[in-house]
Amino acid sequence: MDFTEEHITTDFLIIGGGAAGMRAAIELARSGDVLVATKDSPSESSTEYAQGGVAVALSDEDEISIHYDDTMQAGDGLCNRGAVKTLVAEGPMRIRELILWGAEFDREGTKLAFTQEAAHTKRRILHAHGDSTGREIMRVLLDKVRSFNKVTKLDFAFTQNLIVRNGRCTGAVVLQQPEGKQLVVTARAVICATGGTGQVYERTTNPGVATGDGLAMAYRAGAALMDMEFIQFHPTALFLSGAPQFLLSEAMRGEGGMLRNIHGFRFLEQYHPARELAPRDVVTRAIHSELNATETDHVYLDMTHLTNDYVMKRFPRIYTTCKELGVDITREPIPVSPAAHYIMGGVKTDLWGATNIPGLFAAGETACTGVHGANRLASNSLLEGLVFGERAGLAAARYATKRKNRLLSGLSASPINGRQATRSRNPRRSATPLDSRDADHIQMSLKKLMSDAVGIVRDRKKLSAALKQLRAWERMTAIAEPHRSAGELQNMITTSLLIARSALLREGSVGAHFRNDFPNKGKGWRKRVVIRK
Ligand code: FAD
Ligand code: SIN
């Protein structure tokens, strides 16, 4: 790798260091120099915070075809069959290899221990250290990556924009913190693995880095985005004044946790025969309607009927975190309410992570293969990162080799007088940058707007008003100082606009997308909403 003050040339650039990015890096390290840029410290990713586990058909009582059926069922008719087949069939290989590399999943005796989560018909969720599955997966991936001297990590490196030259993605512009130095990274192929966008909502389980940067920059660069209306709200995030919106894993319900309304009534039996283990979107909407009916802002997750020892041993991180926040989950029901958790949509890719822009690949939560359809089956996304991260790595390596061979044999497709490189800048319409107080105000208002109008229950009137407001904010923030926070705000506005536009276009209710004014699936519901600049 050749470093100069403002320019880095590498073979492969991966934007994002969660499960998808790191798994791709392991594959690419066999084919050249790899630079992995992450926005914050290495541990700031959704992967690191993943609790419940990773779904995989490895238990004696399970089969790949049953995992396939459960995933298809949860996706409410909109899963891409090929993507689901790939996920469930390649999943066991990716997990076995992780175990070979040192992953310590929990065991009962010598056998792997599997837990239950909603909408799974089998106990198939592997977990590590009780409720620290993501952390264990990251530990192993990072160790593996370190074993290759071909991979360089650039942390606190906020990627601002992709570079597109002659219709091909050839790198990205990165702002290195804290110096604020701008680096132009040129690469033979780029993989975008920047995770989700939960931060556009007031209540979210996602870490601060989840501001939809990859989605927004891919959109600016001309990539197609699909299924952006499908936002998954996790039913149970801690609801406590002044406390973080800490996730209370679905595995807690899998192990017997019950949901009760503020009167102590186990209300889910009125909504779905599977009660606490109904699909996630159903449980979330049931809580939403229960909150309205009881005119309150939370329900309770009750674990008090389970033995103290069991709860503390099975969910050590959750137990300790709640205890520190003043709730002893072995003795008292936990106040919870839904929070934005995962985006099913994203940068449209084929099953190898390829986007419509040659040279640009996407994997993990940022990508949309259609594998989750309209509602993701719990614990399928860590697996998604591993399976499709590996595939994107392989495909990017193949792309770079093919292109090199073409260039060497003089068959380059690039026209001699081709277009100049474009850095897909953010739109420039306003004259002066916003001051930081106004920017903070917009950010807070945006989260509120998205939660009220583009949240669990939607309708045309609110969505149209939200779009109008978002467009106004887009104009106001068009010129941004070259700071991470200003770039993030622009990305949050862009992502919010894409979610709201897609939600308005889908006049029907499918999976996690629910329209009050169109409560049924409606005509043509199988059509996907695809948006391009
Ligand atoms: P992430 O792991 O989110 O990584 C994103 C990376 O991109 C980070 O390194 C970040 O720094 C970087 N990045 C972002 N923007 C930029 C930028 N502009 N420039 C440079 N770098 C950037 N799924 C399961 O399957 N099982 C679970 O038990 C589970 N539990 C969860 C619990 C919580 C609290 C949360 C939030 C999610 C959970 N999920 C779970 C979902 C799952 O963790 C994520 O979908 C998955 O880990 C996403 O992986 P990823 O590699 O795509 O992105
Ligand atoms: C959880 O532990 O409830 C999160 C699982 C997931 O989002 O897949």
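The values are calculated or read from the model by the stated rules, or taken from the named source; none is laboratory data. Because the structure is a prediction, the values reported are computed rather than measured. Because the Cβ atoms are built from the backbone with ideal geometry, glycine has one as well, and the counts that use them run over all protein chains shown. Quick note on the areas: whole protein, heavy atoms, side chains included, nothing else; ligands and nucleic acids left out. Shrake-Rupley method; radii C 1.70, N 1.55, O 1.52, S 1.80 Å.
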Mean separation of Cα contacts under 8 Å (6+ apart) over length of the chain, as relative contact order %: 22 percent
Shape call, region 42-167: gyration tensor on alpha carbons, a/c limit 1.5: oblate
Per-bin percent of Cα-Cα distances, region 337-389 [10 Å]: 26, 53, 17, 3, 0
Computed over region 298-365: relative contact order in percent, which uses C-alpha pairs under 8 Å that are six or more apart: 31 percent
Rounded, prolate or oblate (a/c below 1.5 giving rounded, otherwise prolate when a/b exceeds b/c) for region 438-498 by Cα gyration tensor: prolate
Förster radius 25 Å - calculated FRET efficiency between ASN520 and LYS461 (Cβ-Cβ, nearest 0.05): 0.85
Residues of region 490-508 with amide N under 16 Å of the 7 Å Cα→Cβ point at MET476: 490-494, 496-497
Under-5 Å amide H pairs with ALA367, H placed in peptide plane, nonlocal only: VAL347
Only Lys, Arg (+1) and Asp, Glu (-1) charged, at Cβ; the chain dipole about Cα centre in debye: 2300 debye
Nearby aspartates and glutamates by direct alpha-carbon distance to LYS39 (threshold 12 angstrom, same-chain neighbours under 8 apart not counted): ASP155, ASP213, GLU488
q = 0.23, 0.27 Å⁻¹, region 300-353: log10 I(q)/I(0) [Debye, one scatterer per Cα]: -0.88, -1.12
Within straight-line cross-link reach of LYS323, aspartates and glutamates at Cα separation under 17 Å, skipping those fewer than 8 residues along the same chain: ASP131, ASP302, ASP309, GLU332
Scaled radius of gyration (Cα, divided by 2.2 N^0.38 Å) that the chain gives: 0.94
Percentage relative contact order, region 114-169, counting C-alpha pairs under 8 Å, at least six apart: 15 percent
Residues THR320 and TYR271, FRET efficiency given R0 of 41 Å [Cβ-Cβ distance, rounded to 0.05]: 0.80
Theoretical FRET efficiency, 1/(1+(r/R0)^6), r = Cβ-Cβ of LEU112 and ARG398, R0 35 Å, to 0.05: 0.60
Cα-based shape type of region 277-320, given that a ≥ b ≥ c are square roots of the gyration tensor eigenvalues and the cut on a/c is 1.5: prolate
Alpha-carbon spread of region 257-372, three principal axes, descending order, Å: 56, 33, 24
Apportionment of accessible area to carbon and sulfur, the chain, percent (1.4 Å): 50 percent
Span-rule helices in the chain, defined as complete DSSP H runs reaching 18 Å or more along the axis (Cα) with Kyte mean at least -0.5: 81-100, 133-146, 280-294, 381-408, 484-505
Distance (nanometres) between label positions extended 7 Å along Cα→Cβ at GLU507 and THR307: 5.9 nm
Region 309-341 versus region 41-112: alpha-carbon centroid distance in Å: 25 Å
Accessible surface, per residue, of the chain when the full set of protein chains is kept, probe 1.4 Å, Å²: 40 Å²
